[in-house]
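Any read-out appearing in this document is the output of simple, stated calculations on the displayed coordinates, not a laboratory observation. Note that the coordinates shown come from a computational prediction; the quantities given were computed from them, not determined experimentally. As a convention, Cβ positions derive from the backbone with ideal geometry for all residues, glycine included, and neighbour counts pool all protein chains shown.
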Ligand code: SF4
């Protein structure tokens, strides 16, 4: 079973982000206390061993090391951890120091996911990130120096005014750092973000689909040429370095999510804590849950499976539904599985919507 810990704190808000997070850093202490209580209470009834722990956010690296230690200790006291547990923390480059990274190492955190987004200062400024290109590179090098052997970086493409040549340079810089895992996300303009407003007011121009697709094809080609396996639409890993925690979501392994906004799945029910810090801190009516119907299960299989290189079992979807996409070269059959082709990935959301009930 996996454990997800949501740390909803950020030093500042990025211009494109609609994740649940807050800049009320003064609430960290109280949050960690409540979080540990939730962990303790809910783990009491759990009998499964924990094979992955993932600190996501927000920005988990803004927390003091003592807080991370307290959370890990609470989990270890209340559950059995597998010998080869994968423990990941998401980090912002300029939160990382050699000292902090060494402390993570001592806490047996063995995977670090660094939110680089871009290696070019003008793009970082436009995105509203609080680190520079140099700090991004330094963060990766420091993690390597401290001995992290499983480092992931996030990059974004289709940024305002980004050219394919600039994206090519980003990929080259990423490759030169020789990290084990690279996630690449196409910028989307989500309502309630500054970017969305700026787009509406014509202060920003969205990259056209053709250019965004060319950027996707370029990163797929170059990373695969360099030994990275494209194992999920946004994720590339060197052999044996795929994210075990995230891969478990796609194969419906059970997981428990703790903290405001975190989701859980026990094989038949989904539960989600509300994305509201005050409600969460009061621990009153702070979560909802629902039993999944066969239709929900089917839709989730389509939604998650088609994003991965393993696809979904062809028995799950009717042949008539997929035949058109197969003829158009957007889906293909591999053994018993239906898998999206690279061309299909350009319009994957549309295919998924079409196949869902
Ligand atoms: S992108 Fe990450 S760091 Fe930026 S506001 Fe969103 S959660 Fe915080």
Estimated inter-spin distance, residue 168 and residue 45, nm [label 7 Å along Cα→Cβ]: 5.7
Sticking with the crude label model, points 7 Å out along Cα→Cβ, report the distance from residue 80 to residue 328 in nm, one decimal please. 4.9
Roughly what percent of Cα-Cα pairs across region 1-115 reach past 24 Å? 24
Quick check on the chain: of the DSSP beta bridges with both residues there, what percent are antiparallel, nearest 5%? 40
What are the semi-axes of the equivalent ellipsoid for region 306-357, taken as the square roots of 5 times the Cα gyration tensor eigenvalues, largest first, in whole Å? 14, 12, 11
Take the chain, connect every pair of alpha-carbon atoms lying under 10 Å apart with a spring to form a Gaussian network, then pick out the residue of 176, 275, 118 with the largest mean-square fluctuation. 176
Across all directions of projection, what mean area in square nanometres is found for the Cα convex hull of the chain? 18.2
Taking a ≥ b ≥ c as the square roots of the Cα gyration tensor eigenvalues, with a/c under 1.5 meaning rounded and otherwise prolate when a/b beats b/c, else oblate, which class fits region 50-137? prolate
Estimated [θ] at 222 nm from DSSP helical runs (n ≥ 4, -39500 (n - 2.57)) normalised by residues in the chain, nearest 500: -12000 deg cm²/dmol
Please list, by residue number, everything in region 287-316 whose backbone N is under 13 Å from a paramagnetic label point 7 Å out along Cα→Cβ of residue 357. 292-302, 316
In Å and on Cα atoms, what radius of gyration and Dmax does region 169-289 show? 19.0, 52
If I take all pairs of Cα atoms in region 104-156, what percentage of them are more than 15 Å from each other? 46
Segment residue 137-residue 284, length gained on full extension (0.36 nm per residue, minus Cα span): 48.6 nm
Centre separation in Å (Cα based) which lies between region 196-257 and region 263-336: 18
Projected area, mean over directions - region 161-231, Cα convex hull, nm²: 5.6
Percent of C-alpha pairs per 10 Å bin, region 227-285, short to long: 20, 34, 28, 14, 3
What's log10 of I(q)/I(0) for region 249-345 at q = 0.13 Å⁻¹, Debye sum over Cα points only, no solvent? -0.58
D_trans [Stokes-Einstein, Kirkwood Rh over alpha-carbon pairs] for region 89-184, 25 °C, 0.890 mPa s, µm² s⁻¹: 182
